Amino acid sequence: MKAPRFSRLFAQLALLNQHQREAVLAALRPSAGLDRIVCLIDEIRSRTRRCPRCACERCYRHGHANDLQRFRCCSCGRTFNDLTGTPLARLRLKGKWLDYLGALLDAQTVRAAAKRVDVHRNTAFRWRHRFLEWVKHDRPAQLMGIVEADELFLLESQKGSRKLDRKARKRGGKASRRGISRELDCILVARDRGGQTIDAVTGRGALTPVQLTKHLLPRLDPQALLVTDANAAYQAFARTHHIAHRSVNLSAGERVRSSLEGAIHVQNVNAYHSRFRAWLARFHGVASYRLPNYLGWRWALDGERITSAEQLLRIALGVINSSR
C-alpha cells in the first residue's frame, strides 16, 4: 500500500467503534506476532551468525524464504537462515510462537496450550519438545560452597513407544517390586545453597559411583563440600576423587547436623524434588526418554529464572542465559 493511501486509512481509525476496533486488532494480531518473532530471531542471532557447515562468519543476504532472511556463506557457498541447525528449523506458524512460549512459561498441558494458541494438540506437543531441546542444556557451569545431592526415583515409562520391552501396565501402574529396582528411573539432583541446580537421568536402578563421576564430578567445584544422605555410592565417589563429604543418616531420623562448615542437611535438594514431583503430576506421566526435557523446563521456571517468552526463545536458540 502506498504512503498517501495508508495515511488516509490510518486517519479513519479514530472513527471506528469498539466492535470494529476489536475486529481490526484480531486481524492484525497474527501478522504482529510474526513480525515480532522475526525481529527477535534476527536480534538474537545477529551477533553469533555463522555458516552451519564451515562456521565462517562472513556471509551476505541472499533473498527471503518462509518469512526469514536467507544468507549465503562467502567461504563454502551454502545458503542458510537464522534457524538452520537449531531445533526450531522448519517449524511453521511462527506468528504463534511467542504465544506458545507463554504457555510454556505457564506450564500448561498439551491440550490447554493447543487451545490457547489455536493449533492441533500434536503440533503443541511437537513444539514443546523442539523448544525444550536446548533449554535442557542451560545449566550452571559449577556448583560451589555447600552442595547437596540426592537421587529421585520415578517409575520408568515407555509412553508413546510402539514396542515395549516389558508387559504393559494399566494407567501407569506401579512397580512389581518394592524399593529401588530396575523398574525405576534414577534422577540425580545436586543443588548448592545459592540455588544453582544440575540434574541428570543416570539410568534405571540404584545410583553408582561411576554415574556420579560422569554426571556430578565435571560440575562440582574442587573446593565444594558435598552433603548427601548415607548412600554408600556418594562415600565411594568422594573418597575416590578426594572431595570433602558430609552425610546425614536419614534412616536413623537425623535431619540436620551442625558442623564448622555450616548446617549439614539435604532439605534444600529434597524440597526441589518435592516441587518437581508436584509440578510433573499435571502431565499424568511422561516418557522416560523425555525426562531431561522436563527437568530442563522445571529448572527454567524454578525461582522465576525465566520470566518472559523472549528469554525462553533466546535459550531455545542456543544463547546461554546470562542472568544466572
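Remarks
- For R204, distant residues with modelled amide H under 5 Å away: C186
- Taking the Cα centre of the chain as origin and assigning +1 to Lys and Arg Cβ atoms and -1 to Asp and Glu Cβ atoms, the resulting dipole is close to 1580 debye.
- Cα coordinate range in the chain, projected on the principal axes (Å, largest first): 81, 49, 43
- Integer Hz, Karplus 6.51/-1.76/1.60 couplings in order for the range 177-192, x for Gly and Pro: 10, 7, x, 7, 8, 6, 8, 10, 7, 9, 10, 8, 10, 10, 8, 8
- Counted charge near R121, where neighbours are those whose Cβ lies closer than 11 Å (Asp, Glu -1; Lys, Arg +1): +4
- Heavy-atom surface analysis with a 1.4 Å probe gives the range 99-211 a carbon and sulfur content of 49 percent of its accessible area.
- Charge tally for R275 (other residues, Cβ to Cβ under 12 Å; Lys, Arg +1; Asp, Glu -1): +2.
- Here the gap between A23 and H137, fully extended at 0.36 nm per residue and compared with their Cα-Cα distance, gives a gain of 36.9 nm.
- Efficiency of FRET between S251 and R182 - r from beta-carbon atoms, R0 25 angstrom, step 0.05: 0.65
- Bridge type composition, the chain - antiparallel percent by DSSP, nearest 5: 75 percent
- Gain in span if fully extended, T109 to D67, counting 0.36 nm per residue against the direct Cα distance: 12.2 nm
- Listed values for the range 118-131 are Karplus-derived 3J(HN,Hα) couplings in whole Hz (6.51 cos²θ - 1.76 cosθ + 1.60, θ = phi - 60°), namely 6, 10, 5, 4, 5, 5, 4, 5, 5, 4, 3, 7, 5, 5, and x replaces Gly and Pro.
- Relative contact order, percent, the range 166-324 [alpha-carbon distance under 8 Å, six or more residues apart]: 14 percent
- Largest accessible area first, the listed residues S251, S181 line up as S251, S181 when surface is computed with a 1.4 Å probe on the assembled protein chains.
- Carbon plus sulfur fraction of accessible area for the range 24-94, probe 1.4 Å, in percent: 47 percent
- Residue (of L301, S247, C76) at the positive-pole extreme of the chain, dipole from beta-carbon charges: C76
- Shown in residue order for the range 4-15 are the 3J(HN,Hα) couplings computed by the Karplus curve 6.51 cos²θ - 1.76 cosθ + 1.60 at θ = phi - 60°: x, 5, 5, 4, 5, 5, 5, 5, 8, 4, 5, 7 Hz (x for Gly and Pro).
- Using the Cβ-Cβ distance between E261 and R116 with R0 set to 56 Å, the FRET efficiency works out to roughly 0.75.
- Potential extension, L9-K167 segment - 0.36 nm per residue separation minus Cα distance: 50.2 nm
- Separation between Cα centres of the range 251-324 and the range 45-116, rounded to whole Å: 28 Å
- Rolling a 1.4 Å probe over the heavy atoms of the protein chains gives the chain an accessible area of 58 Å² per residue.
- Range of Cα positions in the range 167-226 per principal axis (Å), largest first: 47, 24, 16
- The chain: calculated mean residue ellipticity at 222 nm from DSSP helix runs of at least 4, using -39500 (n - 2.57): -11000 deg cm²/dmol
The values are calculated or read from the model by the stated rules, or taken from the named source; none is laboratory data. As the structure is a prediction and not an experimental result, all values here were calculated from the model. As a convention, Cβ positions derive from the backbone with ideal geometry for all residues, glycine included, and neighbour counts pool all protein chains shown. To get the accessible areas, we keep the full protein, side chains included, count just its heavy atoms, and leave off ligands, DNA and RNA. Shrake-Rupley method; radii C 1.70, N 1.55, O 1.52, S 1.80 Å.
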